[in-house]
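Scroll down for the structure; my scribbles are underneath it.
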């Protein structure tokens, strides 16, 4: 399968800029995505709650052939990204950088990494297992996920807010970003980073420390 | 007599100057190849083989002190046409597809080769375009 690769930097930049602006003057990481105000009545008074954008239930299969769902990451923070094993462009950069995250948080049970393949036709469980092994990844902290193509694209686009979709203008091509997405224990998106650069990933790791220190609720 | 001596010295220094000029012309060409080759490397190869040429784990083999570099013509060939199937590099097995690079010209491959072998192959010789062209004739 030939997949051409487009780094959608403008979108990523927009989000990065947005998240940076939100962070000014606050030590708490921002909540990214659409917010929905919800009216409810407490003791006869109208109050407005804000419902933050959250990752919905999902179900994929990891490099060991085990099913991975939203329950797998319950009460953990995690980093998500989208890639494919035969990609010679930005994916190796992303994997080089994600390896740094993996090494840094290795053994921390509150942290996981979910790498979704956007080429499930090629990237079977066996292919992902070999890839993970060759990258020096063992154990269940960094999972390489495959599943129905449309489900992967849907969660990428709608939930993780990255472009991982077929591009009609490039036949057989894919629009895809090099983003790393940071998700908190309540499945809220708390940061989107350029996973192709050392600088972007340094920021991610320092934000992960912040998020781990954050009190629930 | 004195005049002859002066003339002699003049001629000698002129010859020396010319010779050193010739040498530096060659060296200038080689340096140019290395600089251009470095750019080609950064744009085309560094994603997988890493900016420092050390490769990535068991996924992408290293170029630094790689015994695979001994097969110079094979390296020229695989840069243009890619490579499939397992290979051995410094006794380790690698089995990932090396994509072809039809977009690289013969000159760019010569520059890239000159850069790689100078920096990591302990081989400072310039890789000639004519030689690259010859090797690439065989698909």
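Only one of A:168, A:185, A:210 is more than 26 Å from residue B:48 (Cα to Cα) and modelled with pLDDT under 95. Can you tell me which?
Exactly one of A:168, A:185, A:210 is more than 26 Å from residue B:48 (Cα to Cα) and modelled with pLDDT under 95, namely A:168.
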Restricting the range A:25-48 to residues that are in contact with a strand residue (DSSP E or B) (Cβ under 8 Å, 6 or more places away or on another chain) and not in a strand (DSSP E or B), which is nearest to residue A:148 (Cα to Cα)?
A:33
Members of the range A:63-81 found to be touching a helix residue (DSSP H, G or I) at 6+ places or on another chain (Cβ under 7 Å) and crowded, with 19+ Cβ neighbours inside 10 Å, listed by number
A:63, A:77, A:79, A:81
Checked against (1) within 14 Å of chain B (Cβ to nearest Cβ); (2) crowded, with 20+ Cβ neighbours inside 10 Å, residue A:89 satisfies every condition except (2)
Of the conditions (1) modelled with pLDDT under 95; (2) touching a strand residue (DSSP E or B) at 6+ places or on another chain (Cβ under 7 Å); (3) under 19 Å from residue A:201 (Cβ atoms), residue A:84 clears all except one; give me its number.
(3)
Here is a list of conditions, (1) assigned to a loop (DSSP other than H, G, I, E, B); (2) modelled with pLDDT under 95, and residue A:51 meets all of them except one; can you say which number that is?
(1)
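Could you tell me which of the residues A:60, A:144, A:84, A:105 is buried (at least 16 other Cβ atoms within 10 Å of the Cβ), within 14 Å of chain B (Cβ to nearest Cβ), closer than 27 Å to residue B:48 by Cβ and out of contact with any helix residue (DSSP H, G or I) (no Cβ under 6 Å at 6 or more places or on another chain)?
Details: A:60 fails: within 14 Å of chain B (Cβ to nearest Cβ); A:144 fails: out of contact with any helix residue (DSSP H, G or I) (no Cβ under 6 Å at 6 or more places or on another chain); A:105 fails: within 14 Å of chain B (Cβ to nearest Cβ).
The conditions single out A:84.
The values are calculated or read from the model by the stated rules, or taken from the named source; none is laboratory data. What you are looking at is a predicted structure, and each value in this text was computed from that prediction instead of being measured. Every residue, glycine among them, receives a Cβ derived from its backbone with ideal geometry; neighbour counts consider all protein chains shown.
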